[in-house]
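A quick write-up on the structure given underneath.
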Amino acid sequence: MTYDKGAAAEKQKRACRNTKQKKLILDCLVSDSGHHFTADEIVDILKSRRTPVAKSTVYRALAMLEESGEVRKYFLSEFNSACYQFVADPKACAEHYHLMCVACGKVVHFESAELRRAFQAIRSAQKPGGFFVDGLRTVFYGRCGECSAK
């Protein structure tokens, strides 16, 4: 039991550690907080800014930032890499959904009281214990207005 407390404390300490690389990665995410970045995109952006960071370092920093709540990790499809987004205020976008265009890959945030109510109904209908839909990771697929017009 003591080991678990020590491991949790070490994990928290690591998440709070500020390194130059972690700051570069966070700055990259903050610079376009509405965008979802893959680790490869972050590596390429930092390389283009002449501040290269190893991919393993990017993954480690992203895990720490996710753990601290500064970054959210998404899987927009089973065929794509995970992507990450900076979260300025975790409560402000506590439950938004993602609309992803299957033609161009554009991702749009969407908030809906109706969907929240539907997910509450799903939780209540499933007995025993309920079923919890992870609204933060919910993605709806379709075509954006631009691609539909083509």
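Amide H contacts under 5 Å for LYS106: CYS101, restricted to partners 5 or more places along the chain or on a different chain, H placed in the peptide plane at 1.01 Å from N. 3J(HN,Hα) couplings calculated from phi for the range 96-104 with the Karplus curve 6.51 cos²θ - 1.76 cosθ + 1.60 (θ = phi - 60°) are, in sequence order, 10, 10, 10, 10, 10, 6, 6, 8, 10 Hz; Gly and Pro show x. In this label model, SER33 and ARG60 are separated by 2.8 nm, measuring between points 7 Å along each Cα→Cβ vector.
Each value in this text was obtained by applying a stated rule to the coordinates, not by laboratory testing. This structure is a prediction, so every number in the text was calculated from the model and none was measured. A quick note on method: Cβ atoms are made from the backbone with ideal geometry, for glycine too, and the neighbour counts reach across all protein chains shown.
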